[in-house]
Amino acid sequence: MNAAVVSRSRRRPRRVASNDPSAIEVAELPSYGFGDHSLMWWGTWGIILIEGTVFALAIATYFYLRTRVINWPPSLDFPGPLWGTINLAIVLASAIPNQWAKRAGERQDLAGCRQWTWVLLAFAIATLIVRIFEFKSLNCRWDTNAYGSIVWMLLGLHTLHLVTDAYDTAVLGVLLITGPLEGKRFGDVAENALYWNFVILAWIPIYLVIYIAPRVI
Amino acid sequence: MTSATVDPARLPRSRTLDASEVLELERTWADRPGLIGWLASVDHKHIGRRFIVTSMIFFVLGGLLAASMRTQLAKPENDLIGPDLYNQIFTMHGSTMMFLFAVPVMQAVAIYFVPLLVGARNIAFPRMAAFSYWIFVLGGIFLFTGFALNIGPDVGWFAYVPLSGPQYSPGKRADWWAQLITFTEVSALLASICIICTVLKLRAPGMTLTRIPLFAWASFVTAFMILFAMPAVMLASTMLIMDRLVGTHFFNPADGGDALLWQHLFWFFGHPEVYIIFIPALGMLSSVIAPFARRPIYGYPAMVLSLIATAFLGFALWVHHMFATNVAELGKSFFTAASMTIAIPTAVQIFCWIATLWTGKLNFRTPLLFALGFFFILVLGGLTGVMLASVALDTQIHDTYFVVAHLHYVLIGGGVFPLFAAFYYWFPKMTGRMLSETLGKWNFWLFFIGFNVAFFPMHILGLEGMPRRVYTYPADMGWGTLNLVSTLGAVTIALSVLVFIINVIASLRGGAVAGDNPWGAGTLEWATTSPPPNCNFVDVPVVHGREPLWEPVRDPQYVAGLATQPREVLLTSVVDALPDHRLVFPEPTIWPFVSSLAVTALFVGSIFNPWAVVWGAIPIAIAVTAWFWPTEEETRKSLAVEKSP
């Protein structure tokens, strides 16, 4: 798509002579960028800060509610760790295709972007399927007691992120195949990878809180 | 005022483009014609103007609710309004003023002016800014529809549990409040990202971090506060509505929940909220004081650092709203200390303004009057704030009219007076017309006198023990006279706002023509025409100082080489604002509006059926995908100017 050169007749209405000191000529600057050059990268970080705050407050609520009762979980079995641990393995493993998708984006390698975006989507769908069994192994319902409410909320919040990012990735995956394409889409692939990294990293503390914390506090 | 069509006879002049190129540039940045075009606008000036007008309509509605309360309280044992309706009215008043006026109007002014202040052609993520507006206005309509249907919330603007929980508030009223929160917080959070990214990446070349105008700094700092504060209330209101609708137990002590958890989460948002209103107002004051003292603000680095310090400290105060609860005493001492500490950065700013005014040549026009009114009222509100930071005193006067007086001195003094200063100051830029000075002075004096007459007696009523949120009081308490005085003050405020509305309407029709820079100010918004053209700046400026228009002309003066078609903007580096790359900005589109309707359907539906969250997500997914999906036409235009990094 970089090779696409369309008529540039309307592009630069006036070029300033290179020795004109009154103007900065920007026509030759690139028309997209990666990482902290990119506007979308900063926007993605904004979303990450918001959602990271939500996760942090939900975890704080978990420990606050812990202080309100004597036993934890209150008169319930511990959550079964099997499916959650499997999901931890899948989510951590997804960091590899995610990193390759990011690199393919930064190399502007369209075939690589397509391939790794779809592999990443497969991982996302796998975690969502395992997630169903995770909910079943919590050994409580959201309306059992406040412990059940916050555990379901933590897992639900993370699932919401999995669903939205899986959908995001699917839309991007389709766009990469059908077009219309332009160079900016390579940046979208890289920023989708940034957001998926957040979903991966968020799962580690939430996993620890849901499955490990009740056994040690 | 609409720019759906471009009038070739009224094009701004350019130093880099000829007339036909300016025409093409303006057509590129114009909205599309017709109603669809109006709904599809992604121009930050149109979004900002609608946002300002809408939030001012909510200000008037909130004011009418206040007037009805003052009428009820004007005499003892009045039976004009019954207790049930009164509960709805004070809840509607507080919720409207906080969630539909004070925070949104500050963001609205930022959406309009931050891009102009930093020399950008549009706000970052303009479609998201449009969505932010639509979801806000739909949230407001939702709240007032509920009120009209007798399901207006009636649990106070902070909706404490257990009162707002399923046991004590059956029916839909508290759900209505909880979903209003979701609407307004989504709007505020998304607008914050737009503002942050605009300030970080869309500044004119040369506008280094140490040259960013103070209002842009203030909006930037506030946007960060919103990112960290608003999630708390969204999480809390979601827990509340789940307790009410699907049987969770977050706030139910019988099943391991806790009522104080609500207060912690609410005030972790609620106290920063005060500064989310106050910090933009500080930025407005700095914008106004410099041109009316005819010198740059004294102590710019101290001003910026104070804004940032205030933002950090604002998160360490929330427990001072909970002194009357059983929080640990040591904790209370910490929050007392923090509450007193935050007076320091505020005082630093006030002293910097005094130094600016002292050494300046004052121009006593209406904007400066409102700025000076701020000093008087805010200092009084600040002093009662220092008093309330003391646990011993707070325990005595908690939930009395003393607190009502304090919070209105802080919020009206610290928010509304600077806002009016900003209106008088920036109205000429937005409309091309000056507001009348005569009506402006009436507006100011009626407001200033009316405000003090309305709210000062409340200090005394509070000390005499009158509790807030009572719909009436017995005659033998002896509170009748002061309440009547307070009501007369409220009427005076209403008159003042009426004068303002008349001033706006009359000035739009026949006000003096403003010209580009009627106040002789130094920041970039005054470098372009009034009102600004569709593209904001025909020649994107290059900046060499903090007050670019007060600086001697230096080369380079402007940017050359941005396309007239498509909508191309220049991105600069975060710290030094060096040219980084060009970026094609999105075209107008109806999809943010459609998405906001889909989100509204989900929010409203979920009050009646939890499964609406699942089914309602489908139309949202479709609308948001259509919003993101590039058209062939857009892609073709982008490719025409594409250059790989």
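The values are calculated or read from the model by the stated rules, or taken from the named source; none is laboratory data. Remember, it's a predicted structure, so these values are computed and weren't measured experimentally. Neighbour counts run over all protein chains shown; Cβ positions are idealised from the backbone, glycine included. Surface areas here come from the heavy atoms of the whole protein model, side chains and all, with no ligands, DNA or RNA. Shrake-Rupley method; radii C 1.70, N 1.55, O 1.52, S 1.80 Å.
For the structure I just gave you, tell me whether B:Arg32 is over 22 Å from the mean Cα position of the chain (by Cα) and buried (at least 18 other Cβ atoms within 10 Å of the Cβ). Answer is no for this residue. The number of residues in the stretch A:27-66 being over 26 Å from B:Val540 (Cβ atoms) and among the charged types (D, E, K, R) comes to 2. The single condition from (1) free of Cβ contacts under 8 Å to residues at least 40 places away in the same chain; (2) more than 10 Å from chain A (Cβ to nearest Cβ) that B:Ser595 fails is (1).
Selection over the stretch A:46-85 of residues that are more than 9 Å from every other protein chain (Cβ to nearest Cβ) and open to solvent by 40 Å² or more (accessible area, probe 1.4 Å) gives a count of 12.
When the stretch B:539-568 is limited to residues that are open to solvent by less than 10 Å² (accessible area, probe 1.4 Å) and either more than 11 Å from chain A (Cβ to nearest Cβ) or among the aromatic types (Phe, Trp, Tyr) (or both), the one that is farthest from B:Asp7 (Cα to Cα) turns out to be B:Gly545. Scanning the stretch B:231-274 for residues that are under 24 Å from the mean Cα position of the chain (by Cα), open to solvent by less than 30 Å² (accessible area, probe 1.4 Å), within 8 Å of chain A (Cβ to nearest Cβ) and not small (Gly, Ala, Ser) returns B:Pro231, B:Leu235, B:Leu265.
Yes/no per residue for (1) among the polar types (S, T, N, Q); (2) in contact with a helix residue (DSSP H, G or I) (Cβ under 6 Å, 6 or more places away or on another chain):
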residue: B:Thr210; (1), (2): yes, no
residue: B:Pro213; (1), (2): no, yes
residue: B:Ser219; (1), (2): yes, yes
residue: B:Met242; (1), (2): no, no
residue: B:Leu245; (1), (2): no, no
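Could you grab me the full set of residues in the stretch B:168-180 that are in contact (Cβ under 8 Å) with a residue 12 or more places away in the chain and open to solvent by 30 Å² or more (accessible area, probe 1.4 Å)? B:Gly171, B:Lys172, B:Arg173, listed by residue number.
Within the stretch A:24-45, the set of residues being at the interface with another protein chain (Cβ under 7 Å from one of its Cβ atoms) and of a type in the set (Val, Ile, Thr) comprises A:Ile24, A:Val26. Residues in the stretch B:456-469 that are more than 29 Å from the chain's Cα centre (by Cα), surrounded by fewer than 19 Cβ atoms within 10 Å (Cβ to Cβ) and part of a loop (DSSP other than H, G, I, E, B): B:Glu464, B:Gly465.
Checking the stated criteria, B:Pro83 turns out to be in contact (Cβ under 8 Å) with a residue 24 or more places away in the chain and farther than 19 Å from B:Met458 by Cα. Contact map, the stretch B:248-277: first residue of a type in the set (D, E, K, R), second residue open to solvent by 20 Å² or more (accessible area, probe 1.4 Å), Cβ cut-off under 6 Å, separation 6 or more or different chains; pairs are B:Asp255/B:His249; B:Asp258/A:Arg68.
Checked against (1) part of a helix (DSSP H, G or I); (2) open to solvent by 40 Å² or more (accessible area, probe 1.4 Å), B:Pro291 passes all but a single condition, namely (2).
Within the option set B:Thr600, B:Thr635, B:Thr625, being polar (S, T, N, Q), in a helix (DSSP H, G or I), within 14 Å of another protein chain (Cβ to nearest Cβ) and over 27 Å from A:Glu28 (Cα atoms) holds for one residue only, B:Thr625. For the stretch B:352-408, the set of residues classified as charged (D, E, K, R) and farther than 21 Å from B:Asn443 by Cα consists of B:Lys361, B:Asp394, B:Asp399, listed by residue number. Of the residues examined, A:Ser94 is not one that is in contact (Cβ under 8 Å) with a residue 24 or more places away in the chain, at the interface with another protein chain (Cβ under 10 Å from one of its Cβ atoms), crowded, with 21+ Cβ neighbours inside 10 Å and not hydrophobic (A, V, I, L, M, F, W, C).
Is there any pair with a first residue in the stretch B:607-622 that is in contact (Cβ under 8 Å) with a residue 12 or more places away in the chain and a second that is β-branched (Val, Ile, Thr) and in a loop (DSSP other than H, G, I, E, B) whose Cβ atoms are under 8 Å apart and which are 6 or more apart or on different chains, and what are they? From residues that are in contact (Cβ under 8 Å) with a residue 12 or more places away in the chain, the pairs are B:Pro610/B:Val246. Only one of the numbered conditions (1) within 14 Å of chain A (Cβ to nearest Cβ); (2) outside any loop (DSSP other than H, G, I, E, B); (3) of a type outside the set (S, T, N, Q) is violated by B:Pro166, and that is (2). Scanning the stretch B:541-556 for residues that are at pLDDT below 95 and touching a strand residue (DSSP E or B) at 6+ places or on another chain (Cβ under 9 Å) returns B:Asp555, B:Pro556.
Starting from residues that are hydrophobic (A, V, I, L, M, F, W, C) and buried (at least 22 other Cβ atoms within 10 Å of the Cβ), keep the ones in the stretch A:173-189 and report whichever is nearest to the other protein chains (Cβ to nearest Cβ).
A:Phe186
For the stretch B:400-419, indicate whether the set of residues that are crowded, with 21+ Cβ neighbours inside 10 Å and over 22 Å from the mean Cα position of the chain (by Cα) is non-empty. Yes. Restricting attention to the stretch A:132-155, the residues being at the interface with another protein chain (Cβ under 10 Å from one of its Cβ atoms) and surrounded by fewer than 18 Cβ atoms within 10 Å (Cβ to Cβ) number 2. The C-beta contact set for the stretch A:126-144 (first residue over 20 Å from B:Asp243 (Cβ atoms) and touching a residue at least 12 places away in the same chain (Cβ under 8 Å), second residue of a type outside the set (Gly, Ala, Ser) and in a loop (DSSP other than H, G, I, E, B), distance under 9 angstrom, 6+ apart or interchain) comprises A:Glu134/A:Pro79; A:Ser137/A:Pro79; A:Ser137/A:Pro81; A:Asn139/A:Pro73; A:Asn139/A:Leu76; A:Asn139/A:Asp77; A:Asn139/A:Phe78; A:Asn139/A:Pro79.
For the stretch B:351-374, which residues satisfy the criterion of being under 24 Å from B:Val404 (Cα atoms) and open to solvent by less than 30 Å² (accessible area, probe 1.4 Å)?
Hits for the stretch B:351-374 are B:Phe370, B:Ala371, B:Gly373, B:Phe374.
Of the residues B:Thr16, B:Thr5, only one is at pLDDT below 95 and exposed (fewer than 15 other Cβ atoms within 10 Å of the Cβ); which? On inspection, the qualifying residue turns out to be B:Thr5. Answer yes if at least one residue in the stretch B:470-492 is open to solvent by 70 Å² or more (accessible area, probe 1.4 Å) and in a loop (DSSP other than H, G, I, E, B), and no otherwise. Checked the stretch B:470-492: at least one residue is open to solvent by 70 Å² or more (accessible area, probe 1.4 Å) and in a loop (DSSP other than H, G, I, E, B).
So if I check each of A:Leu181, A:Leu154, A:Leu176, which one is under 18 Å from A:Val54 (Cα atoms) and more than 13 Å from the chain's Cα centre (by Cα)? Write out each step before concluding.
Details: A:Leu181 fails: under 18 Å from A:Val54 (Cα atoms); A:Leu176 fails: under 18 Å from A:Val54 (Cα atoms).
Among A:Leu181, A:Leu154, A:Leu176, only A:Leu154 is under 18 Å from A:Val54 (Cα atoms) and more than 13 Å from the chain's Cα centre (by Cα).
Might you let me know whether the stretch B:316-334 holds any residue that is farther than 20 Å from B:Asp394 by Cβ, over 28 Å from the mean Cα position of the chain (by Cα) and touching a residue at least 12 places away in the same chain (Cβ under 8 Å)?
Checking the stretch B:316-334: not a single residue is farther than 20 Å from B:Asp394 by Cβ, over 28 Å from the mean Cα position of the chain (by Cα) and touching a residue at least 12 places away in the same chain (Cβ under 8 Å).
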